[in-house]
Amino acid sequence: MYLSNNTSLITTHVLQEMKTRGEKIAMLTAYDYSMAKILDEAGIDVILVGDSASNVMAGHKTTLPITLNEMIYHASSVVRAVTRALVVVDLPFGTYQGNSKEALNSAIRIMKESGANAIKIEGGKEILESVDRILSAGIPIIGHLGLTPQSINKFGTYIVRAREEEEANKLRSDALLLEEAGCFSVVLEKIPAKLAAEVTQSLRIPTIGIGAGNGVDGQVLVVHDMLGINNQFSPRFLRRYNNLYDEIKNSVSQYIEDVKSSDFPNESEQY
Ligand code: KIV
């Protein structure tokens, strides 16, 4: 078990130092105060308020419907719980692709209204102007390449990306562009492990993988998936650390039985 005794604040500079000394970065998603508090106390380095909230919190099929206001609500709940981890928030679909001014305004709203430390944004060359403008306002950015779920309607499927050389080459050059622009990290989602390791070695900034093998500088998972709260999603890259779906369901069944049988509350549970 990893027991964190490092109480110092995680900043983007600390993540860079971790890459330099070869210490892996542990990142998980969270969308609410209670979960974020547990993750932070356990010693997680980075909490991502991902737009996967659209799926796991709101029950949408894709990440596309979640709004900027909803992301700010989730992010501010997380920020209130966190004392150590770096809090990163996804810019949701439709709030940065239009033009760089809109992208900057969206990023500013997230930083100002939630108190988060950084934003994450999907894409490479095509969003570079927005990346530049957000960075020039002093807002740190994590890039996101490979399987970018906001483009699911373009991809048509959630299969592994960049298996073909043309797409792999674009990913290599996008990663360099994001680093040169000043992003402090890049998420690599669902790409071949060999490509992810190669990109990681070519970059100075840390890479965080999800379904991208072990040659990256850190890992991220959706917390509901790794805890088994969501038991509908079992991709090969997912390691489940618990089966909370069954544990919670069994506890609720027991509670129902106790209420129906008048076993709860007993004498010591009343005034
Ligand atoms: O929204 C999210 O949870 C993400 C991770 C899967 C990287 O972007």
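Take the solvent-accessible surface of the protein heavy atoms, probe 1.4 Å, and return the percent of it on the chain that carbon and sulfur atoms account for. Numbers along the way, then the final one.
Numbers: 7430 of 14180 Å².
Here it works out to 52 percent.
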Expressed as a rounded percentage, what relative contact order does segment 1-78 have, with Cα pairs under 8 Å and six or more residues apart? 29
Holding the Cα-Cα limit at 23 Å, pick out from 154/190; 24/190; 61/194 the pairs that are longer than that. 61/194
Nearest 20 debye, what's the magnitude of the dipole of the chain about its Cα centre given +1 on Lys and Arg Cβ and -1 on Asp and Glu Cβ? 560
Starting from the Kirkwood radius over alpha-carbon pairs of segment 1-106, derive D by Stokes-Einstein at 37 °C in a medium of 0.692 mPa s and give it in µm² s⁻¹. 222
Roughly how many whole Å is it from the C-alpha centroid of segment 29-48 to that of segment 92-136? 23
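How large is the accessible surface per residue of segment 1-92, computed with a 1.4 Å probe and reported in Å² as a whole number? Walk me through the numbers on the way to the answer.
Values: 4370 Å² over 92 residues.
Ligands and nucleic acids excluded, the result is 47 Å² per residue.
Based on a Kirkwood Rh over C-alpha pairs, give the Stokes-Einstein translational diffusion coefficient of segment 4-240 at 4 °C and viscosity 1.567 mPa s in µm²/s. Mind showing how you got there, number by number?
On the way: Rh = 17.5 Å.
The estimated diffusion coefficient comes to 74 µm²/s.
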Distance between modelled label sites at residue 129 and residue 69, nm, 7 Å Cα→Cβ extension: 2.9
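Using helices alone, what [θ] at 222 nm do you get for the chain, with -39,500 (n - 2.57) per DSSP H run of 4 or more residues, divided over all residues and rounded to the nearest 500? It would help to have the intermediate numbers written out before the result.
On the way: 11 runs with 114 residues, N = 271.
After summing the helix terms and dividing by residue count, I get -12500 deg cm²/dmol.
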Mind putting together the pair-distance distribution for segment 106-232? All Cα pairs, 5 Å bins, whole percent per bin, short to long. 2, 11, 20, 22, 20, 14, 8, 2, 0
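What translational diffusion coefficient, to the nearest whole µm²/s, does segment 36-96 have by Stokes-Einstein, given a Kirkwood radius computed over alpha-carbon pairs, a temperature of 20 °C and 1.002 mPa s viscosity?
Using the Kirkwood radius from Cα pairs, D works out to 180 µm²/s.
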Give the residue from 243, 255, 175 lying farthest towards the positive end of the charge dipole for segment 175-271; charges sit on Cβ (+1 for Lys and Arg, -1 for Asp and Glu) and the dipole is referred to the Cα centre. 175
Please report the net charge: other residues with Cβ closer than 15 Å to the Cβ of residue 235, K and R +1, D and E -1. +3
If I model a spin label at residue 154 and residue 41 as a point 7 Å from the Cα along the Cα→Cβ vector, what separation in nanometres do I get? 4.2
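The values are calculated or read from the model by the stated rules, or taken from the named source; none is laboratory data. Keep in mind the model is a prediction, meaning the values are calculated, not measured. Don't worry about glycine lacking a Cβ; one is built from the backbone with ideal geometry, like all the others, and counts go over all protein chains shown. SASA here: full protein model, heavy atoms, side chains in, ligands and nucleic acids out. Shrake-Rupley method; radii C 1.70, N 1.55, O 1.52, S 1.80 Å.
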